[in-house]
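For reference, the structure is listed below as structure tokens.
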Amino acid sequence: MQPLLKVENLVKNYAAGRSARSKDKLAALDGVSLSVLPKTATALVGESGSGKSTLAHCIACLEHPTSGSISFEGIDLAALDEDQLRLLRPQIQLVFQDPAGSHNPRWTALEIVSEPFFIQGRFTKPDRAVRALQLLDRVALSRKMASRRPSELSGGQKQRLAIARSLALEPKLIILDEALSALDCSVQAQISNLLLELQSSLGLTYLFITHDFRMAAHLADQIAVMHRGRIVESGPAENILRSPSHETTQALLGATSRLVESPGVLVHA
């Protein structure tokens with residue numbers, strides 16, 4: 001099976017000084033390579049500052065890499081111009097840690113979910129509303145929520161709304177950038193189970209960015225561990241969790257309050 005996403009030798013440098021022209025460079029990504037198969041979930045695990053979100057932003061075409069390639073369905077995203085990227089961006093959606101920051105506070109939930117249809121010029125206004133309501137149903141938000149604004153929703157409801165919006169254009173890849181970390185444990189469990197159900201019913205591919213091995217174990221088929229801009233260990237989730245070989249992986253697992261006996265099962269240590 002060919003990868004849906006293939007990242008090869010990706011480098012992303014930032015100016016280390018105050019000026020963008022500074023000769024000193026900070027390597028946020030230092031030769032990252034990663035493959036994601038269709039209809040699977042890959043967890044990218046690492047501490048804050050390890051480069052996880054920078055990699056996500058490069059894949060989602062929000063950042064341009066310094067060098068290397070990002071192949072999506074065999075197309076090198078890094079080689080495309082802005083017009084070409086505009087055609088591909090609907091296929092890759094990003095769900096952020098803080099959904100409130102990505103929602104217009106003046107819009108209703110229905111308007112927020114309908115926005116991608118409007119931007120892409122898809123469907124008539126009545127059809128957009130119908131499809132938006134269907135998406136709210138799919139993420140288990142009742143239709144009475146359609147007229148509410150983000151300030152009237154709980155944290156879990158805001159994240160469900162963000163997921164509904166990400167589904168609007170029928171993407172092939174959804175990147176979840178610490179999308180569960182701001183929620184309490186019971187809501188995390190509900191949203192993670194929703195993600196698994198959506199993956200099964202819609203054939204989605206996930207890149208799940210987290211610092212939490214418990215969530216990685218619950219959601220991921222593959223795990224890649226990042227440290228200082230590099231992937232230091234990767235493989236099937238069960239192998240990484242049972243026999244971590246790199247000291248970074250061992251330290252991250254040791255820092256969790258629970259140990260994982262097998263993927264998808266969380267038990268007290």
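Beta bridges from DSSP with both residues in the chain: antiparallel share about 60 percent, rounded to the nearest 5. Taking the number of Cβ atoms within 10 Å of each Cβ as an exposure proxy, the fewest-first ranking of S201, S53, S166, S245 is S201, S245, S53, S166. Converting phi to 3J(HN,Hα) with the Karplus coefficients 6.51, -1.76 and 1.60 and the offset θ = phi - 60°, the stretch 60-69 yields 7, 6, 8, 10, 9, x, 6, 7, x, 10 Hz in sequence order, with x at every glycine or proline. Around S181, what is the net charge, scoring Lys/Arg as +1 and Asp/Glu as -1 over all other residues with Cβ under 15 Å from its Cβ? It works out to a net charge of -3. When the scattering of the chain is computed by the Debye formula from its Cα atoms alone, each counted once and equally, what is log10 I(q)/I(0) at q = 0.10, 0.11, 0.14, 0.17 Å⁻¹? Debye intensities relative to I(0), on a log10 scale: -0.53, -0.64, -1.02, -1.38. About its Cα centre, the stretch 5-261 has a charge dipole of approximately 720 debye under the convention of +1 per Lys or Arg Cβ and -1 per Asp or Glu Cβ, with nothing else charged.
Whole Å is fine, so just give me how far the alpha carbon centre of the stretch 103-157 lies from that of the stretch 173-220. Between the Cα centre of the stretch 103-157 and that of the stretch 173-220, the gap is 21 Å. Comparing I92, I231, I75 in a Gaussian network model of the chain (Cα springs below 10 Å), the most mobile by mean-square fluctuation is I75. Across V45, V32, V130, mean-square fluctuation computed from a Gaussian network of the chain (C-alpha pairs under 10 Å connected) peaks at V130. Computed over neighbours whose Cβ is under 13 Å from that of L204, the net charge equals 0, Lys and Arg +1, Asp and Glu -1. Charge tally for L88 (other residues, Cβ to Cβ under 14 Å; Lys, Arg +1; Asp, Glu -1): -3.
For the chain, set up a GNM with springs between Cα atoms under 10 Å and report which of M226, M215, M145 has the largest fluctuation. Greatest mean-square fluctuation among the candidates belongs to M145. List nothing, just return the count: lysine pairs in the chain, 8 or more apart or interchain, with Cα separation under 27 Å. Lysine pairs meeting both conditions in the chain amount to 20.
Laboratory data are not the source of any read-out in this text; all were calculated from the coordinates shown. As the structure is a computational prediction, the values presented were derived from the model and not from experiment. In this analysis, Cβ positions are derived from the backbone assuming ideal geometry, glycine residues included, and neighbour counts consider all displayed protein chains.
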